[in-house]
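Worksheet for the structure shown next.
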Amino acid sequence: MTALPPDAHDPAAPIGVFDSGIGGLTVAREIMRQLPHESIVYFGDTARVPYGPKSPETVRRYSREIAEFLRQQGVKAIVVACNTATAHALPTLRAEQTIPVVGVVEPGARAAVRATRGAAIGVIGTVGTIASGAYDRAIRALRPDAEVLGTACPLFVPLVEEGWLSHEATRLVAHEYLDPLRDRHVDTLVLGCTHYPLLKGVVGEVVGRAVRLIDSAEETAAETGRVLAERGLSAPAGSAPRHRFVASDAPDHFSRMAQRFLGTPLERVETVTLG
Ligand code: DGL
């Protein structure tokens, strides 16, 4: 482990946020909303997306490279906005980095346990996230009697990227994936993938309004705020945030898609190739 750049202990230093691509902007957006004084360096691994179907070893290798890149930028904390990267790489990153590393799985699991009434919790995510059992473990660690039902929904990511947020095709696919969860009477459903918060409307319709939807983005931003405050690393009140966006490929596409995930267009996207 090499020495930290000096400004990683500076409350004014940025937070590093990374994802396999564009979807982690849902987490960046929540951080901007809940922690408006914090600056962000966002890295989207657009050259190597998707992580969902890749092996744990490959996702871990990519995640370590990105964490190292962010550390070199002098970030004071790293938020792993990608569920698949959190599921496969969080313990490794925490062991290797000396700055705080926040993932999306634990905050989502905590919120689900708070929300559930009958302890039947559904989790939807990529093939990698569901196969890892990470949500299952995190939820049962908090509530051992919970019944956790995981379902991979791989078609949701391309549908969101296509902008088909309330399209008939998306509704059909959602029924295919979610009807079995509805039939098992889950009362809480974790949206365990960066892209799924954009499908809250369709997902809510299909599973029924009584089912509580857990948005990991909101929970992770709140957790990030808590972690920074605990360590005296919160940005000084009144400071004006400065955000940087970095993609490993196709910055123009990233910029166009950012509008959908972030709600505002990006003026500038840098390109950095890793690996
Ligand atoms: N960011 C990924 C996640 O949250 C979804 C996209 C991908 O498969 O890379 O799991």
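Sort 204-212, 123-131 for me by packing, meaning the mean count of neighbouring Cβ atoms within 10 Å per residue, highest on top.
Ranking, from highest mean packing down: 123-131, 204-212.
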Worksheet item: What ranking of D136, D252 emerges when the number of other C-beta atoms within 10 Å of each C-beta is taken as an exposure proxy, fewest first?
Response: D252, D136
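Where the only charges are on Cβ atoms (+1 Lys, Arg; -1 Asp, Glu), what is the dipole of the chain about its Cα centre, to the nearest 20 debye?
Around 400 debye, computed over the chain.
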Worksheet item: What are the semi-axes of the equivalent ellipsoid of the chain, taken as the square roots of 5 times the eigenvalues of the Cα gyration tensor, listed largest first and rounded to whole Å?
Response: 29, 21, 17
Worksheet item: Using 20 Å as the cut-off for backbone N distance, which residues of the range 7-30 belong to the label zone defined by a point 7 Å from the Cα of V272 along Cα→Cβ?
Response: 7-29
Item to complete: Treat every Asp and Glu Cβ in the range 1-94 as -1 and every Lys and Arg Cβ as +1, leave all other atoms uncharged, and give the resulting dipole magnitude about the Cα centre to the nearest 20 debye.
Response: 240 debye
Worksheet item: On the first, second and third principal axes, largest extent first, how far apart are the outermost C-alpha atoms of the range 51-115 in Å?
Response: 38, 29, 16
Practice prompt. Pairs of Cα atoms under 8 Å, at least six residues apart: use those to get the relative contact order of the chain, whole percent.
Written response: 27 percent
Worksheet item: With contacts defined as alpha carbon pairs under 8 Å and 6 or more residues apart, what's the relative contact order of the range 146-260 in percent?
Response: 23 percent
Discussion item. Connecting C-alpha atoms closer than 10 Å in a GNM of the chain, tell me which of A119, A109, A221 has the biggest fluctuation.
Written reply: A119
Worksheet item: Quick one: putting +1 on the C-beta of Lys and Arg, -1 on the C-beta of Asp and Glu, what dipole do you get for the range 121-275 around its Cα centre, in Debye to the nearest 20?
Response: 380 debye
Worksheet item: How high is the relative contact order of the range 45-114, given as a whole-number percent (alpha carbon pairs under 8 Å, six or more residues apart)?
Response: 32 percent
Discussion item. Apply the a/c threshold of 1.5 to the C-alpha gyration tensor of the range 59-165 and tell me whether it is rounded, prolate or oblate.
Written reply: oblate
Worksheet, complete the sentence: Amide H contacts under 5 Å for G150, restricted to residues at least 5 apart in sequence or on another chain and with H modeled in the peptide plane, are V123
Discussion item. Would you calculate the convex hull of the Cα atoms in the range 230-275 and tell me its volume per residue in Å³?
Written reply: 136 Å³
Practice prompt. Would you mind checking the tilt of helix 251-262 against the longest principal axis of the Cα atoms of the chain, expressed as 0 to 90 degrees and rounded to 10?
Written response: 60 degrees
Worksheet item: How big is the gap, in Å, between the Cα center of the range 244-266 and the Cα center of the range 1-79?
Response: 15 Å
Item to complete: Can you tell me the alpha carbon radius of gyration of the range 161-275 divided by the globular rule-of-thumb value 2.2 N^0.38 Å?
Response: 1.36
Worksheet, complete the sentence: Highest GNM mean-square fluctuation among Q73, Q259, Q97, for the chain with Cα springs under 10 Å, belongs to Q259
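A short reminder: the numbers here are calculations on the coordinates, not readings from a lab. Computed from a prediction, not measured in an experiment: that's the story for all the values here. As a convention, Cβ positions derive from the backbone with ideal geometry for all residues, glycine included, and neighbour counts pool all protein chains shown.
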